[in-house]
Amino acid sequence: MGSLQQHSTSPVSPISISAAAMGASDRPAISNDHPLVINLDHGDPTMYEKFWKKAGDEATLVISGWETMSYFSNKDNVCWFLERGFEEEVRRLHEFVGNAVVDGKHIIVGTGSTQLFQAALFALSDPNSDQPANVVSSVPYYSVYPVATDYLKSRLYQWAGDVEKYQGEGSYIELVCSPNNPDGLSKQAVLSSENGKGKTIHDLAYYWPQYTAITAAADHDIMLFTISKTTGHAGIRIGWALVKDDEVARKMIKFIEMNTIGVSKDSQIRAARILSVVRNSHDNSKIVHSVEESFFHYARRTMTERWDRLNEAIKSSNGAFILADFPSQHCNFSDEIIESHPAFAWMKCEKEGIDDFYGFLKKHNILTRGGEHFGVEKKYVRISMLDRDPMFDIFINRMSIIH
Ligand SMILES: Cc1ncc(COP(=O)(O)O)c(C=O)c1O
């Protein structure tokens, strides 16, 4: 998502309406030169509302006043605040999609995967070490990693930047985001963890079939997922970690206990319901009937259409704006050869005299996030591809006439 205050919409023009303020059905009749500011800075996944409106009652949940009152969900589980129904749906969905190995793994629920990221840093650091663990990632890295790592000025860990330039002596934690936010590319760990000094955290928020080909079931020590990017329910604030090691799992759970004494049961129950609709939309005739197409089919089709439109729109820039090419790969889930359609467009400006691409697009009332937040030059920007249709339409119209 991003550091909200740092990147929030500023009133740069007479009309500054954030995309989130505009409902999915409010299709604006707005011309390209209208001063409406469109905010594609955050990866707010409101695009998915369309599907969930169709799902209607199938995805609706009623929780009675007397329910979910206890702190505890499952005293027999080391993750005592994990709702059984949520755990079942997480395992069921991963097995169905084939994107991660769940057997033999602890499932830890978090208030978004952002909390789990911090829990993992805590669990992988050595409290008895004189030196904080160095936290590294390859550029361009998710802009939240440096900010969240150093936010509390912890003595346990500290941000150390680009993994390729890392030459530190002490212990390190490598963050591997794959497919990567912001550029959508598949990533692997750069540093070897065999010397015992290094640990990895795999952030697999976007390893779902609408964004990329599922080429194998990921089987890493710590894997983070989030419902925000799986189904679009960022507001529920639910993420989960798949963790191999008992001790690491225990420490992560302890962190969440100290931080928020567990995770909202209401949110977990709702997340379980949403995940079950996703799974069932692929073969339960009643749900198939109401949503018209399965969830991953809908999401993949929408992403494909959006990327086709963006690629077409920037053709008129005659090479001034550049997007990465993605390799086509066989997707085990859909059994097709497919291209990646990431949640963000990572665009470079080759236009002469423009070094600050963010500033350039801002003048055209398009808010993005500049490359410097991701450890690279200002010639790059990250643009959310997950906003509602009306905002995306305006964005495409503007991109097709900006040179
Ligand atoms: C790579 C990555 N990890 C984690 C998150 C945050 O997920 P959550 O909403 O579950 O905190 C995001 C959100 O943009 C993300 O892009």
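The values are calculated or read from the model by the stated rules, or taken from the named source; none is laboratory data. Just so we're clear, the structure is a prediction, and the values are computed from it rather than from any experiment. As a convention, Cβ positions derive from the backbone with ideal geometry for all residues, glycine included, and neighbour counts pool all protein chains shown. Only protein heavy atoms, including side chains, enter the accessible area calculation; ligands, DNA and RNA are left aside. Shrake-Rupley method; radii C 1.70, N 1.55, O 1.52, S 1.80 Å.
Can you compute the FRET efficiency between Asn259 and Ser285 using 1/(1 + (r/R0)^6), with r the Cβ-Cβ distance and R0 = 41 Å? Round to the nearest 0.05.
Taking R0 as 41 Å, the efficiency between Asn259 and Ser285 is 0.45.
For segment 363-403 and segment 257-295, compute the distance between their C-alpha centroids and round to whole Å.
Between the Cα centre of segment 363-403 and that of segment 257-295, the gap is 31 Å.
Per the helix-only calculation at 222 nm, which mean residue ellipticity applies to the chain, given -39500 (n - 2.57) for every DSSP H run of n ≥ 4 and division by its residues, nearest 500 deg cm²/dmol?
Mean residue ellipticity at 222 nm (helix-derived): -9500 deg cm²/dmol.
Based on the Cβ-Cβ distance of Glu88 and Thr304, what FRET efficiency does E = 1/(1 + (r/R0)^6) give at R0 = 30 Å, to the nearest 0.05?
Given R0 = 30 Å and the Cβ-Cβ separation, E is 0.45.
Highest mean first, what order results for 41-53, 391-403 on Cβ atoms within 10 Å?
41-53, 391-403
Taking the simple approach of a point 7 Å from Cα along Cα-to-Cβ for both His364 and Lys50, what is their distance in nm?
Simple spin-label model gives 2.3 nm for this pair.
Enter the mean projected area of the convex hull around the alpha-carbon atoms of the chain, in nm², rounded to one decimal.
The number I arrive at for the chain is 20.8 nm².
Over segment 84-280, one equal point on each Cα, no solvent: what is log10 I(q)/I(0) by the Debye formula at q = 0.14, 0.18 Å⁻¹?
Rounded to two decimals, the profile gives -0.77, -1.29.
Leaving out same-chain residues fewer than 8 places away, which lysines sit with a Cα under 18 Å from that of Lys54?
The reachable lysines, counting only those whose Cα sits under 18 Å from Lys54, are Lys286.
Kindly report, to the nearest 10 Å², the accessible surface of Tyr71 as traced by a 1.4 Å probe over protein heavy atoms only.
150 Å²
Given 0.36 nm per residue, what is the gain on full extension from Leu156 to Asp356 after removing their alpha carbon distance, in nm?
So the chain would gain 68.5 nm between Leu156 and Asp356.
Report the Cα centroid-to-centroid distance between segment 162-188 and segment 76-131 in angstrom, as an integer.
Cα centroid to Cα centroid, the span is 20 Å.
Ranked from highest to lowest mean number of other Cβ atoms within 10 Å per residue, what is the order of the peptides 125-134, 223-232?
223-232, 125-134
Using 0.36 nm per residue of separation minus the Cα-Cα distance, give me the extension gain between Lys197 and Asp335 in nm, one decimal.
Between Lys197 and Asp335, full extension yields 45.8 nm more.
Say the cut-off is 25 Å between C-alpha atoms; which of Lys187/Lys362; Lys53/Lys315; Lys75/Lys254; Lys75/Lys265; Lys53/Lys363 go over it?
From Lys187/Lys362; Lys53/Lys315; Lys75/Lys254; Lys75/Lys265; Lys53/Lys363, over 25 Å: Lys187/Lys362; Lys53/Lys315; Lys53/Lys363.
Pull out the extension gain between Val139 and Trp66, defined as 0.36 nm times the separation in residues minus the alpha carbon to alpha carbon distance; nm, one decimal.
Taking Val139 through Trp66 to full extension adds about 21.4 nm, to one decimal.
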